[in-house]
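The values are calculated or read from the model by the stated rules, or taken from the named source; none is laboratory data. Since we're looking at a predicted model, the values are computed, not measured. Neighbour counts are summed over all protein chains in view; Cβ atoms, including those assigned to glycine, are modelled from backbone coordinates with ideal geometry. Note: accessible area is taken over every heavy atom of the protein model, side chains too, but ligands, DNA and RNA are not part of it. Shrake-Rupley method; radii C 1.70, N 1.55, O 1.52, S 1.80 Å.
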Amino acid sequence: MKRVTILITNYNYGRYLNRCIRSCLNQSMPSTEYDILIVDDKSTDNSCKILNYWQGRENIKVIFNEDNIGLGACCKLGVMSCRSPYIVRVDADDYVAEDFVKFLYMWAH
C-alpha cells in the first residue's frame, strides 16, 4: 500500500493538466511511496485525451465520471477510492514543489 495519495480533481482544466501531473510525478519522495488519483468530472475540453495519455503510467489512476457531479462529489469519490492512509488534494491547475508530498507526510506522520 502507498503511504500517500495525491488526489487531483479536474473539470475542463486541460490547459494545465500536464504541468500539474508532471509536478506531482516529480516528487522527492520515492515513487513507491505515493500514487496519483485523478477524478475527471465529465470534462468537455481536451482533458480526456490528456488523461488517457497518462492513465496507467507510473503511479497514476484516472476515474472518468459519466456525469458532471461537481467538485464536492468528485472529492468524495476520490477519497472513497483511495487506499492510502494519507490523502492530499490538488486542483488540476496547481503546480506543486518537489518536496510537497515529503513535507506534508513528515508533518502528518
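How much accessible area per residue does region 1-100 have, in Å², with a 1.4 Å probe?
56 Å²
Which trypsin sites (Lys or Arg not before Pro) in region 58-91 sit in a loop by DSSP (not H, G, I, E or B) and have at most 12 other Cβ atoms within 10 Å of their own Cβ?
Sparse-neighbourhood loop trypsin sites (Lys or Arg not before Pro): ARG83.
Roughly how many percent of the accessible protein surface of the chain is carbon and sulfur, given a 1.4 Å probe and a whole-percent answer? Let's see the in-between values first.
Details: 3290 of 6380 Å².
Heavy-atom surface of the chain belonging to carbon and sulfur, 1.4 Å probe: 52 percent.
What angle, in degrees between 0 and 90 and rounded to the nearest 10, separates the Cα long axis of helix 71-81 from the longest principal axis of the Cα atoms of the chain?
50 degrees
Determine, at each q value in 0.24 (inverse angstroms), the log₁₀ of I(q)/I(0) that the Debye formula gives when each Cα of the chain is one equal point scatterer.
One equal scatterer on each Cα of the chain leads to -1.42.
On a 0 to 90 degree scale, rounded to 10, what angle separates helix 14-25 from the longest Cα axis of the chain?
20 degrees
Determine the calculated [θ] at 222 nm for the chain from helices alone, applying -39500 (n - 2.57) to every DSSP H run no shorter than 4 residues and normalising by the residue count; nearest 500 deg cm²/dmol.
-11000 deg cm²/dmol
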